[in-house]
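Working notes for the structure below.
The values are calculated or read from the model by the stated rules, or taken from the named source; none is laboratory data. This structure is a prediction, so every number in the text was calculated from the model and none was measured. All Cβ positions, even for glycine, are placed from backbone atoms using ideal geometry, and neighbour counts span all protein chains on display.
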Amino acid sequence: MHPRITATAAGVAATVSIALFLTGCGGSTAGPSGKVAANCKPTHEFRTVKPKTLTVGVIASLPYSSIDPVSGKWEGIDAEFGTAIAAKECLTVSTVAVSGADAIQSLDSGKIDLLSAGAYITPARGKVVGQTDPLYYQYTVVVSRTSIGTVHQLRGYQIGALSGSAYVQPLRTWLGTSNVREYPSTADLLADVQNRRLDVAVAASGEANYQLAKAEYTGLNATRLKPNSATTNLEPIYGVNMPYRKSNTALGEALNADIAAIRASGTTKKILTKWKLNDHLTLNGK
């Protein structure tokens, strides 16, 4: 999920998970990436912060998106989609490393066109930012040494979730504030489960499985959290999208058309297969 980013606009406070785009350097602005042919004709017309450039705010959160500290290359699942979209629109991509605290402000103030880091589609976030159609989907998993699969089974355990994520408040409402801890990263979260400082982690399928594939985690299982009528605000499946400035409706329309074309061509499935996330739920959300 990387589900994170605090957003406040018109009196609405929302936590936003991010998803999107291309190459840059931590804490600073990266130069444009990718060459565009002189005879390239964009599929759509829309305004961007800089002419012929798509400026993207990136929050590091693999496997969704990150910036390689050595090469400066934007990488991750959402970078794959961003590359395909930028090519369709004849744009080079310039990235800016942003934190969860300043991402929405950077978008609203016109410093960036898009946000990147695995953003979930939610009604609350839709009041603050423009949300595209889903690129792909993420489902909620429980990581533990046992096979916990329902919210009822979480009772009696110390639970952890990513700080500011879509999981924190629903879990605290159901299980009690003192039983749910917040963590700055999924790596830190799973490390505490591994080292028995925490019983259970609730996380997004892609990020949890990506971390668990690393050698330092042993004996931990990721089990899908089944839907429960008692916790309707804890969604079992979330669409991952490309948040953009809400007022730039032409950009939103272009992104949706490009996303549909990428899916129709089979590229969506190829991207997810490359990142070992080609299960039916991740591809189709059902």
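Apart from one condition, Ser109 fits all of (1) closer than 22 Å to Phe81 by Cβ; (2) surrounded by fewer than 21 Cβ atoms within 10 Å (Cβ to Cβ); the exception is (1). The residue that is nearest to Glu207 (Cα to Cα), counting only those in region 53-63 that are crowded, with 22+ Cβ neighbours inside 10 Å and over 11 Å from the mean Cα position of the chain (by Cα), is Gly57.
Selection of region 266-286 for residues being of a type in the set (S, T, N, Q), surrounded by fewer than 18 Cβ atoms within 10 Å (Cβ to Cβ), at pLDDT 90 or above and touching a helix residue (DSSP H, G or I) at 6+ places or on another chain (Cβ under 9 Å) yields only Thr267.
Taking the criterion of being exposed (fewer than 15 other Cβ atoms within 10 Å of the Cβ) and assigned to a strand (DSSP E or B), would at least one residue in region 175-182 satisfy it? Yes, that holds for at least one residue. Among the conditions (1) free of Cβ contacts under 8 Å to residues at least 12 places away in the same chain; (2) on the phi < 0 side of the Ramachandran plot, the only one that Gly156 does not satisfy is (2). For the condition touching a strand residue (DSSP E or B) at 6+ places or on another chain (Cβ under 8 Å) and either of a type in the set (S, T, N, Q) or touching a residue at least 60 places away in the same chain (Cβ under 8 Å) (or both), Asn241 qualifies.
Taken over region 117-136, the residue count meeting the criterion of being part of a strand (DSSP E or B) and at pLDDT below 95 is 2.
Across region 28-52, the qualifying residues are those that are in a strand (DSSP E or B) and within 22 Å of the chain's Cα centre (by Cα), and the one among them that is modelled with the highest pLDDT is Ser33.
One residue stands out in region 139-168 among those that are in a strand (DSSP E or B) and out of contact with any Asp or Glu (no Cβ under 8 Å at 6 or more places or on another chain): the one that is farthest from Gly239 (Cα to Cα), namely Val143. Of the residues Ala257, Ala222, the single one that is outside the structural domain of Glu80 (by TED's automatic domain parsing), surrounded by fewer than 21 Cβ atoms within 10 Å (Cβ to Cβ) and small (Gly, Ala, Ser) is Ala222.
Please find, within region 64-85, the residue that is farthest from the chain's Cα centre (by Cα) out of those that are surrounded by fewer than 22 Cβ atoms within 10 Å (Cβ to Cβ) and not polar (S, T, N, Q). Once the filter is applied, the top-ranked residue is Val70.
Within region 86-104, the set of residues being within 14 Å of the chain's Cα centre (by Cα) and in a loop (DSSP other than H, G, I, E, B) comprises Val98, Ser99, Gly100.
A quick yes/no check of all residues on (1) closer than 25 Å to Thr122 by Cα; (2) of a type in the set (Ser, Thr, Tyr):
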position: Gly156; (1), (2): no, no
position: Gly160; (1), (2): yes, no
position: Tyr167; (1), (2): yes, yes
position: Tyr210; (1), (2): yes, yes
position: Tyr217; (1), (2): no, yes
position: Asn221; (1), (2): no, no
position: Lys226; (1), (2): yes, no
